[in-house]
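Notes to accompany the following structure.
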Amino acid sequence: MAALFLGLNASAARMDMVDVSNNNGYMSTAEYVSMRNEFGVKALTVKISEGTTFKDGYAASNIANGQAAGLYVNGYHFAHYKTKAQAIAEADYAGQTAKAAGLPVGAVLATDVEAEEPGNLSQATNDRNNAAFMKEIQKFGYRADIYTSGSWANNKMTIKGKTGWVAGYPFVPAGKQWYTNNNAWQWSGSAHFRISYGGFDISQLYTDYYTAGQKSTVKPTDKDAVKDNNKEANKNASKPSTTAKWVKESKTYTLKTAVKLRTGASTASSVIAILPAGTTVKTDQAIIQNGYRWVRQPRFNGYGYLATGPVSNTLEYVKGGAAHTYYTVKSGDSWWTIAQRNGLSMTTLASQNGKTIYTTIYPGQRLVVR
């Protein structure tokens, strides 16, 4: 486990909760299941909004995929308010955005207080503004909390009793604990998981505040029931026969409708992600049998498989002469910044250029962005 957490003492604290935002890109159900099963993560906190103008574009998929993986799902809002009126306005914006994204009633919707604006305010003013935000957010059916740093918790605001989600680095020596009077302690901002790209913020929970307001979606692990369900799923699954042969097919498609990308060539295989309509898919192999067309998509950590049928075919060839929009890489650019600028995921951007997110890009290089 220690090797998966670069530069961290993985035994220093538990990994009860992970928080994610657009900075982490698209997160699949499979990634959240891996976090849960392999590392004991049980709660997810998703960035919802910031100020009164920014909505996190990945909030809805993070909420849905986190719930599908059996995690307790919560949210947070990055605060910029300087007055009580602004705090109420931001709470209304966060609450409405959370509702639209599918954050379940009873979840925590914390205010993330770490921006420059509250840093320039007095402790009394921050206390007043935070109280106004938390009171307002409860009108949407969400429970309130404050996320902030350890130093700000001590100097910039008042966090009483069993409240607060506090960030403090680095990890503490073995056998000691920080912030045990709070709901949660975020002890790392750069954790790495086995099948996920990039670093993650992880926290240890000291209370059940981030899990108590909603029902777990994890099903009972009755072995016989699981066996029966798997048997039924496999029985009704559509898949190529063992004698079917795959053929080479280097083609590019766009999706007419959303399609499930799976770990194997069977409708009983686990879903990696649900690719929305308009997604570009590059394939290297294909097969048609039993009314299903299967294609294989190379991915940076293996392969994904998509199934379609002749009646409801959802794959459409990109015409060879189709015009593309190009972007010329500039100094300081990354897969992440270019993808965000063009409304793409890093994986999609890299894939449509025949590369992976681990491929180095250089200034002057032209990339297809449309």
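The values are calculated or read from the model by the stated rules, or taken from the named source; none is laboratory data. Computed from a prediction, not measured in an experiment: that's the story for all the values here. Backbone-built Cβ (ideal geometry, glycine too); neighbour counts: all protein chains shown. Accessible surface areas use protein heavy atoms only, side chains included; no ligands, DNA or RNA. Shrake-Rupley method; radii C 1.70, N 1.55, O 1.52, S 1.80 Å.
Of everything in the range 90-123 that is under 13 Å from Tyr142 (Cβ atoms) and β-branched (Val, Ile, Thr), the residue that is surrounded by the fewest Cβ atoms within 10 Å (Cβ to Cβ) is Val105. Among the conditions (1) under 24 Å from Val20 (Cα atoms); (2) hydrophobic (A, V, I, L, M, F, W, C); (3) assigned to a helix (DSSP H, G or I); (4) at pLDDT 95 or above, the only one that Ala124 does not satisfy is (1).
Selection of the range 202-221 for residues being assigned to a strand (DSSP E or B) and either of a type in the set (Ser, Thr, Tyr) or modelled with pLDDT under 90 (or both) yields only Ser203.
Residue count for the range 281-306, restricted to those that are within 22 Å of the chain's Cα centre (by Cα), at pLDDT 75 or above and open to solvent by 10 Å² or more (accessible area, probe 1.4 Å): 4. If you go through the range 125-145 and pick out every residue that is under 16 Å from His80 (Cα atoms) and open to solvent by 40 Å² or more (accessible area, probe 1.4 Å), you end up with 4. Kindly establish whether Lys248 is modelled with pLDDT of 80 or more and either within 20 Å of the chain's Cα centre (by Cα) or open to solvent by 30 Å² or more (accessible area, probe 1.4 Å) (or both). For Lys248, the condition - modelled with pLDDT of 80 or more and either within 20 Å of the chain's Cα centre (by Cα) or open to solvent by 30 Å² or more (accessible area, probe 1.4 Å) (or both) - is met. Contact map, the range 332-343: residues that are over 12 Å from Leu367 (Cα atoms) paired with residues that are of a type in the set (A, V, I, L, M, F, W, C) and open to solvent by less than 50 Å² (accessible area, probe 1.4 Å), Cβ distance under 6 Å, separation 6+ or inter-chain. Pairs shown: Trp336/Met346.
Go through the residues of the range 12-19 one by one and say whether even a single one is open to solvent by 20 Å² or more (accessible area, probe 1.4 Å) and acidic (Asp, Glu). Looking for residues that are open to solvent by 20 Å² or more (accessible area, probe 1.4 Å) and acidic (Asp, Glu), one finds none in the range 12-19, hence no. Check the range 146-155 and report whether any residue there is outside any strand (DSSP E or B), modelled with pLDDT of 95 or more and open to solvent by less than 20 Å² (accessible area, probe 1.4 Å). No, every residue in the range 146-155 fails to be outside any strand (DSSP E or B), modelled with pLDDT of 95 or more and open to solvent by less than 20 Å² (accessible area, probe 1.4 Å).
Within the range 355-370, which residues are open to solvent by 60 Å² or more (accessible area, probe 1.4 Å) and either touching a residue at least 40 places away in the same chain (Cβ under 8 Å) or over 25 Å from the mean Cα position of the chain (by Cα) (or both)? Walk me through it before giving the result.
Initially, the range 355-370 is screened for residues open to solvent by 60 Å² or more (accessible area, probe 1.4 Å), giving 355, 358, 360, 362-363, 366, 370.
Selection gives Tyr358, Tyr362, Pro363, Arg366, Arg370.
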